[in-house]
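The values are calculated or read from the model by the stated rules, or taken from the named source; none is laboratory data. Since we're looking at a predicted model, the values are computed, not measured. Glycine gets a Cβ as well: all are built from the backbone with ideal geometry, and neighbour counts include every protein chain shown. Ligands, DNA and RNA are stripped out before the accessible areas are found, and what is left, the full protein with its side chains, is counted by its heavy atoms. Shrake-Rupley method; radii C 1.70, N 1.55, O 1.52, S 1.80 Å.
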Amino acid sequence: MAGTRSDFSSVWGLYLWLGVGIAVFIFAFVGFALVRYRARAGREPSQRDENNPLEIGAAVLLVAIISLLVYVTFHTETREDKPTAAKAVKVDVLAFQWGWRFTYPGQGVTVIGNSDHQPNFAVPVGRPVDFALTSADVIHAMWIPEQRFKKDAIPGKTNHFVMEFDSAGHEIGHCSEYCGLRHSNMGFGVWVLSQASYERWLASHR
Ligand SMILES: [Cu+2]
């Protein structure tokens, strides 16, 4: 199993629309209270200071929403944490100040680039890609906005994740953890290629 753009997009959409819904509800509620219960001559303010059923209801609703978000987030996250299928492509990624090195184990292919010459690596479309991500110096993060996905690159630790790129094209990636002077130029590109083009790409980078 592998994480795809649509998995992460749907998690993103869930958070967004829940947030929008709750914001609209709160603004409407506060607006209503401001208008309906505004100060007017001859009217006493309510002396009531608690409403247990309403408060318990609100707490239960909050716990339910949070539980849903935690469940959906972790459930989606495990899709890209699963150990790899045998047919997966392996790519080792090393982040450093300020660039990236992409190595294809057993293929004799390495691409490396820095903030002056940003590297491009390639993956085949529709096949799981097994990434092993680490850092040579400080904490970086590998972010591919098009995939709605990012993962930290931590020195001394290797993060594994499996992704599937489901449409061919060129995608832009960037470091998303502030890592020093040239962080803002620490980008890279991903070619998502058909199997045949991917093999040609590998052969031309040996
Ligand atoms: Cu960085």
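Kindly indicate whether any position in region 148-160 is crowded, with 18+ Cβ neighbours inside 10 Å, farther than 18 Å from residue 134 by Cβ, away from the ligand (no atom under 16 Å from the Cβ) and assigned by TED's automatic domain parsing to the domain that holds residue 112.
yes
If I filter region 169-188 for residues that are more than 16 Å from the ligand (Cβ to nearest atom), in contact (Cβ under 8 Å) with a residue 60 or more places away in the chain and either open to solvent by 30 Å² or more (accessible area, probe 1.4 Å) or in a helix (DSSP H, G or I) (or both), do I get at least one hit?
Checked against the condition, which is being more than 16 Å from the ligand (Cβ to nearest atom), in contact (Cβ under 8 Å) with a residue 60 or more places away in the chain and either open to solvent by 30 Å² or more (accessible area, probe 1.4 Å) or in a helix (DSSP H, G or I) (or both), region 169-188 yields no hits at all.
Count, please, the residues in region 17-52 that happen to be part of a helix (DSSP H, G or I) and either aromatic (Phe, Trp, Tyr) or outside the structural domain of residue 65 (by TED's automatic domain parsing) (or both).
So the count comes out to 5.
Only one residue in 63, 70, 20, 35 is under 22 Å from residue 150 (Cα atoms), without any contact (Cβ under 8 Å) to a residue 40 or more places away in the chain and either open to solvent by less than 100 Å² (accessible area, probe 1.4 Å) or not charged (D, E, K, R) (or both), so which one is that?
70
Among the residues of region 97-116, which ones are within 16 Å of the ligand (Cβ to nearest atom) and either open to solvent by less than 60 Å² (accessible area, probe 1.4 Å) or not in a strand (DSSP E or B) (or both)?
Of everything in region 97-116, those that are within 16 Å of the ligand (Cβ to nearest atom) and either open to solvent by less than 60 Å² (accessible area, probe 1.4 Å) or not in a strand (DSSP E or B) (or both) turn out to be 97, 98, 99, 100, 102, 113, 115, 116.
Based on what the data block shows, is residue 128 open to solvent by 30 Å² or more (accessible area, probe 1.4 Å) and away from the ligand (no atom under 16 Å from the Cβ)?
No; evaluated as a whole, the condition is false for this residue.
Would a scan of region 193-202 turn up a residue that is among the acidic types (Asp, Glu), out of contact with any helix residue (DSSP H, G or I) (no Cβ under 9 Å at 6 or more places or on another chain) and away from the ligand (no atom under 16 Å from the Cβ)?
Checked region 193-202: at least one residue is among the acidic types (Asp, Glu), out of contact with any helix residue (DSSP H, G or I) (no Cβ under 9 Å at 6 or more places or on another chain) and away from the ligand (no atom under 16 Å from the Cβ).
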